[in-house]
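Report on one structure; see the data block that follows.
The values are calculated or read from the model by the stated rules, or taken from the named source; none is laboratory data. Just so you know, these numbers come straight off a predicted model, no measurement behind them. Cβ placement follows ideal geometry from the backbone for every residue including glycine, while neighbour counts extend to all protein chains displayed.
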Amino acid sequence: MTFPNPLDAQEKAAFRQGSEKSVAPVVVEARKLSLVYPTADKPVMALSEVDLTIAKSDFVSLIGPSGCGKTTLLRVIADLERPTSGHIAIEGMTPEQARLKRLYGYVFQAPALYPWRTVERNVMLPLEIMGLPKADRQQRAREQLERVGLVGFERKFPWQLSGGMQQRVSIARALALQPDLLLMDEPFGALDEITRDHLNLHLTQLWRATGKTCVFVTHSIAEAVFLSTRIVVMSPRPGRILDVIDCNSLPRERTLDIRESPEFAAIAHRVREGLKEGHSYDD
Amino acid sequence: MIKRALPVTVMTLLLLAAWYVGAAWLNWPQAAETLTRAGKPAEFADVLAQAYAMKRPILPTPDQVVAELWNSLTGYAPTSPRNLLFHTWVTAEAALTGLAMGLALGILLAAGIVYTRTLEASLLPWVIASQTIPILAIAPMIVVILGNIGLTGLLPKAVICMYLCFFPITVGMVKGLRSADPLWLDLMRTYSASGMRAFWSLRLPASMPFLFASLKVSVAISVVGAIVGELPTGGQAGLGARLLSGSYYGQTVQIWAALIMASLLSVALIAVVRGLELVLLGRAGVR
Amino acid sequence: MSTLSADPYRTSLRTVADWGLVAIAVLTLAALALPVGALGGAPVGWFGGMMGGTLAPLFLIGVVLAVVAGRSAPKRVWGAWVELGGVALAWLLPLHLLNEGVDLSAGWGLWLFLVAATLLLWRVMGVLAGVPGWTRSVVVPGLFGLGLLVGWEVLVRGFQVPAILLPPPSRIASALAAHAPVLWDDFRQTVLTSVLRGYVMGCGAGFLVAILADRLPFLARGLLPLGNLASAIPVVGIAPIMVMWFGFDWQSKAAVIVVMTFFPMMINTLAGLGNSERIQLDLMRSYGAGYGRTLVKLRLPNALPFLFNGLKINSTLALIGAIVAEFFGTPVVGMGFRISTEVARMNLDIVWATIAVAALTGSGLYGGLALLERATTAWHPSMRRR
């Protein structure tokens, strides 16, 4: 299962542009973002006054215990939830405009593949909705399946694939839209650790190859540090940001070995400290 | 509560309104004809009043049906054939006897199917196939055949009901008897409990929710079976007989009254099953 | 509990011998001592009728040979097939005797022999039921059905049950052939005209109203309890009313069918439309797909198993509705009409033939829908079990 790494010239340029300058264009900007769920006994503050800026080609992880609002924040970016107050812009547009322009691809916790469609037709689904002609759809689906290393599985049905492979199909499906922004909600949460390592490696190579902006929700510290350029530590009740940690001390090209480096350990330590701090508020 | 009651009320009211409009529309020509024959002026209000008050309307109004029900239920002793309760009881008796027979047969078959692989492979497909047959079509046949060997009255109808009921019960019980958690079955094995023991203290209790779900379906079709079983007997007693004689003599009000009574019977029997379920399963701690 | 102390490796009587086979052998031996039937009032033994012409000994030898060969076959399944040949031979014997004019009603030797043959069949089916795939899902139920049919034939003819009570299958089959034109006319009137039209109208209406109710939750909340009520009440009862309103021809039958099939279809469609997972709906939203696209691309495919469930339930209901409505009046053709009039005239052959047609039609409709379902929902977990 070798992972193809098709770095074409255009993508290389985009990647260089993203990495060289710190003044990369802003993709997501949130100011004083709050979201309150009305419930029977008392309203729950899922997000409280969240400020966050995500620049192009960033890989940002949202980490925190369950209920800290990390998934909610992602869903607000995707216009799957509406904030109660505050301001949020995706490339200068409202989330709804961004959604209708199909600016982002979303990967859910579960693969959410349609059981009645083959792998290829699953990847082509968003393209059908966009109204692309058939030849284009097939072309793009083939490209993306190649990208996630699933050539030869086009005609299989989802249930004939392992969990890890299914999640790779769902990533290919998100990429098929050719979005600038990739939103991932604990995509590997349900997988075993060995598969997870494997997919993390795939993902970081994919990110470098495409230069996409990624927002990644996780509750694994190691996963967050391994993948991210920046880590956003969140805490629950009310959901808010505690710390934003830069991972510039790690090289942009990641291999599984860097997990043994002192820099990795230092960042992981800081994340852990941040999470602990969130807990002390709690009790 | 209001959120649920309001749409149902609105729908029911709409249905009643549609009924009245339909009754006026369907009875109109006949009503107008009656008036002109009597030499009275056929004004709109007169025709409408006549349409709602005919003796043999094409579609009786709900109030006519209720009045007929009321007269029949209160005007005669419950043992009189002119009282609908008498007919309802005849039908209910057949339906319940059939249900009991179907229950016994269904549970027996289900236990056999669950415990012997040969039966499962050979019988289960036929149990399912048997229900794709429009069995109600055979009802008159069964009544006549059983009549030939001297069985009349309750039993032929009950046999029809039994045949109709056993299928949901068999299928539900096969599912139910298999619904016991494999972990619990393993636990039983660690106690070296016998197969019978496991059946009585694990499989049977686990199947109860399934049994009641099937029973509710079975009760309803058992009533249908009893009614259809009464059609070929020539109409002496039972709700089906009332339907048939009503249709012979064009007594539409009588047909509707019998229909309403049949629905009430069915709903009441299902309510009894539901009550039993609540009492039995509530006590056993199953939700 | 008492055996706890006993040696667990002790050979017990249970494991020494194949007691099922012993039972079969004992039954067969006992059968040999009894007559197989009577010819002209005089009992006929197994071997006595040789010059009279019965070939009973040949059948007996054939069966014994088949069982011996089956037992010594290298594989149990092969042996089972050989033993099946023996069973078939055993059940052919009464048919042969009947052809020879032997009266079987007192032939207790023969009946005992047949009990043994049935036991053998049970064992064969037990072996075959252990073979997964085609053998288990088609051959075993097929054998069971065939056994039932042959048993019916032999018992009815052997004990001379009057045809007015129960004719043998062979007689029903010949009635089917003899009355084919009449039966075809009935089939055309009831199934091709009334059922098909009513079914399409009822299911179509139920489906469309469900789609509408899905968009207007108020309508759904009002209709669902009514639908549940309709499933509890004997809807067939409206048949006499519909016959009064729409006349004797197919329109009244179709009306009954429409009323009977509408609610099951609506309830199933609504349940199916509500079956999509949150995450899948979110996915469609993230693609900016509107109501229509979500319906076509996600919710209807997801609802297919429910739709087929409704269609399958309704196929039987429609047939019942048409036949029962015909009891209340038809033009002088139709399956319900045939059954009710010929029963009254004690013409039971044609009634049984009509019932056979109805049974085949019902199973055919159901089976066709099941095949269609298999073809369109092969992806569904319930269809996937190998």
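Values computed for the structure shown
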{"quantity": "Residue match in segment B:80-87 (condition: surrounded by 12 or more Cβ atoms within 10 Å (Cβ to Cβ), basic (Lys, Arg) and either in contact with a Ser or Thr (Cβ under 9 Å, 6 or more places away or on another chain) or not assigned by TED's automatic domain parsing to the domain that holds residue B:253 (or both))", "calculated": "no"}
{"quantity": "Filter result for residue B:105 (in contact with a helix residue (DSSP H, G or I) (Cβ under 7 Å, 6 or more places away or on another chain), modelled with pLDDT of 85 or more and surrounded by fewer than 22 Cβ atoms within 10 Å (Cβ to Cβ))", "calculated": "yes"}
{"quantity": "Residue list for segment B:115-136, filter: small (Gly, Ala, Ser) and either at the interface with chain C (Cβ under 8 Å from one of its Cβ atoms) or crowded, with 19+ Cβ neighbours inside 10 Å (or both)", "calculated": "B:121, B:122, B:129"}
{"quantity": "Residue ranges of strands (runs of 3 or more DSSP E) in segment A:20-86 with at least 1 members modelled with pLDDT of 85 or more, assigned by TED's automatic domain parsing to the domain that holds residue A:275 and acidic (Asp, Glu)", "calculated": "A:26-37, A:44-55"}
{"quantity": "Conditions (1) at pLDDT below 85; (2) surrounded by fewer than 21 Cβ atoms within 10 Å (Cβ to Cβ); number of the one not met by residue C:289", "calculated": "(2)"}
{"quantity": "Per-region count, segment C:256-286, residues charged (D, E, K, R), modelled with pLDDT of 85 or more and not in a helix (DSSP H, G or I)", "calculated": "0"}
{"quantity": "Residues of segment C:200-234 satisfying the condition of being at the interface with chain B (Cβ under 8 Å from one of its Cβ atoms) and under 30 Å from the mean Cα position of the chain (by Cα)", "calculated": "C:229, C:231, C:232, C:233, C:234"}
{"quantity": "Test: residue in segment C:359-367 that is surrounded by fewer than 20 Cβ atoms within 10 Å (Cβ to Cβ), out of contact with any Leu (no Cβ under 6 Å at 6 or more places or on another chain) and either of a type outside the set (Gly, Ala, Ser) or touching a residue at least 60 places away in the same chain (Cβ under 8 Å) (or both)", "calculated": "yes"}
{"quantity": "Within segment A:89-147, considering residues that are in a helix (DSSP H, G or I), among the charged types (D, E, K, R) and more than 21 Å from the chain's Cα centre (by Cα), the one nearest to the other protein chains (Cβ to nearest Cβ)", "calculated": "A:128"}
{"quantity": "Residue that is modelled with the lowest pLDDT [pool: residues in segment B:231-287 that are among the polar types (S, T, N, Q) and over 21 Å from residue B:26 (Cα atoms)]", "calculated": "B:233"}
{"quantity": "Which numbered condition residue B:132 misses (of (1) without any contact (Cβ under 8 Å) to a residue 12 or more places away in the chain; (2) part of a helix (DSSP H, G or I))", "calculated": "(2)"}
{"quantity": "Test: residue in segment B:30-47 that is within 14 Å of chain C (Cβ to nearest Cβ) and not in a loop (DSSP other than H, G, I, E, B)", "calculated": "yes"}
{"quantity": "Positions within segment B:6-27 being touching a helix residue (DSSP H, G or I) at 6+ places or on another chain (Cβ under 7 Å) and away from chain C (no Cβ under 14 Å), in sequence order", "calculated": "B:24"}
{"quantity": "Qualifying positions in segment A:67-99 - of a type in the set (Val, Ile, Thr), within 20 Å of residue A:25 (Cβ to Cβ) and surrounded by 20 or more Cβ atoms within 10 Å (Cβ to Cβ)", "calculated": "A:77, A:88, A:90"}
{"quantity": "Selection count, segment B:137-158, where residues are within 11 Å of chain C (Cβ to nearest Cβ) and either in a helix (DSSP H, G or I) or touching a strand residue (DSSP E or B) at 6+ places or on another chain (Cβ under 6 Å) (or both)", "calculated": "12"}
{"quantity": "Conditions (1) in contact with a Cys (Cβ under 7 Å, 6 or more places away or on another chain); (2) within 19 Å of residue A:201 (Cα to Cα); number of the one not met by residue A:257", "calculated": "(1)"}
{"quantity": "Filter result for residue A:224 (in a helix (DSSP H, G or I) and within 30 Å of residue A:100 (Cβ to Cβ))", "calculated": "no"}
{"quantity": "The lone exception for residue A:190 - which of (1) within 13 Å of chain C (Cβ to nearest Cβ); (2) under 18 Å from the mean Cα position of the chain (by Cα); (3) outside any loop (DSSP other than H, G, I, E, B) it fails", "calculated": "(3)"}
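Let's see how each residue does on (1) assigned by TED's automatic domain parsing to the domain that holds residue B:203; (2) hydrophobic (A, V, I, L, M, F, W, C):
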position	(1), (2)
B:75	no, no
B:105	yes, yes
B:111	yes, yes
B:116	yes, no
B:123	yes, yes
B:129	yes, yes
B:153	yes, no
B:160	yes, yes
